[in-house]
Every structure is written in C-alpha cells, then in structure tokens.
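What follows is one structure encoded as structure tokens, with my remarks underneath.
Rule-based calculations on the coordinates, nothing more; no lab input. Since we're looking at a predicted model, the values are computed, not measured. All Cβ positions, even for glycine, are placed from backbone atoms using ideal geometry, and neighbour counts span all protein chains on display.
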Amino acid sequence: MRIMGLVSLCVLALAACSPEAPEATTPIGEAAPAGPLTVDQAAQTGPEAFVRALYARYDTAGAAATPAAEPPAPGRDPIYSRKLNAMIGADVMAAKGEVPTLNYDPICDCQDGTTELKQLTITETGPNKAEAALTFLKSGMPHQQTLFLIKEGPAWRIDDVVVPGRDPLTTTLLAAIG
C-alpha cells in the first residue's frame, strides 16, 4: 500500500514538472489558419505545403513579409532531419573556426538573394518519405534541385539536397567530416 502511494506521489510530481502540452494542430478537414502558413505549420500539413512555405521565405514578397529572425545554430535547424542536422553540426566543428564545407544556403543554393519557385513535383516514395523535384529562378536563371524529405514525428524535414551534376549534400558533408 505504501509503495502504491509513493508511486502515485512520484507520478504526480513528474506531471507537475512536465512542460505544458503542446497546442493541438488543426486536424485535416478543418479550417487552416488565416494567411500563409509558417514553415512550422506547413511542415505538419504535408510535403508540398512544407516545400512551398520554405521557398516563400526567399521570394521578394515573402522576404518583405517575414521579419528577420535569428538563424538557428548550425546543426539545430528544424527544417532539416536529425541526420542532416548532425552532419551540418559536425561540418562546422570539423572546420575548427575556418569556413565549413556547407558555407551556403542549400535551400536556394545561394549565399543570399531572392528566388521564385516556378515548378514543384512531389513524389511520395514511402509512408514517411517524399522527393520534391523543383525549379526556381535564382538571379533570373532557372535552377533545379531535388529535396529528399522525411517525416520525423508529425513534421516533414529535409533529409538531403541534390543539385544535378553534383554529389548529394550528405555525400559532400560525409567527405568533409570523415
């Protein structure tokens, strides 16, 4: 009897210390929030919404509408999978204060500037995997790449980036940190 009371007391204490439950997401079929989805909201909606929200941050209208936020530390960006974040973090550490291998933004394949998403084709390759083949304008020139997406928990993340004629980003990072 005493043990059950002690266990109950421990469970109540842990529950009191736990952070509040996260806000519920909008179930499929119910009204979405007004206005464009944030990247976090879109990541929980589906792969196409996630990719469109990512690239909306880079077009001139999206860049003007989105307040500048402090970028996440290398290896801690919620748009990337755990695997890719680990590789990015290891790349920065391997650089030992010098310029890391990944010294550009792989979403736009650029240092800065604006892009305009022109074409997007999503192919679901498994229950929690998809490929996003896309074309966007970068400095007025068409640019193609494929984002390999994975669903981790409730949200879609970028697991790899492939630009035609180059090794996949993960292969490049593995070579740098290996």
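Only the Cβ atoms of Lys and Arg (+1) and of Asp and Glu (-1) were treated as charged; on that basis the dipole of segment 38-177 about its Cα centre amounts to roughly 160 debye. Listed by chain and number, the lysines whose alpha-carbon sits under 17 Å from that of LYS118, ignoring those within fewer than 8 places in the same chain, are LYS138. Shown in residue order for segment 167-178 are the 3J(HN,Hα) couplings computed by the Karplus curve 6.51 cos²θ - 1.76 cosθ + 1.60 at θ = phi - 60°: 5, x, 4, 5, 5, 4, 5, 4, 5, 6, 9, x Hz (x for Gly and Pro). Working from label points 7 Å from Cα in the Cα-to-Cβ sense, the ASP112 to ASP40 distance is 2.6 nm. Once divided by 2.2 N^0.38 Å, the Cα radius of gyration of segment 38-177 becomes 1.01.
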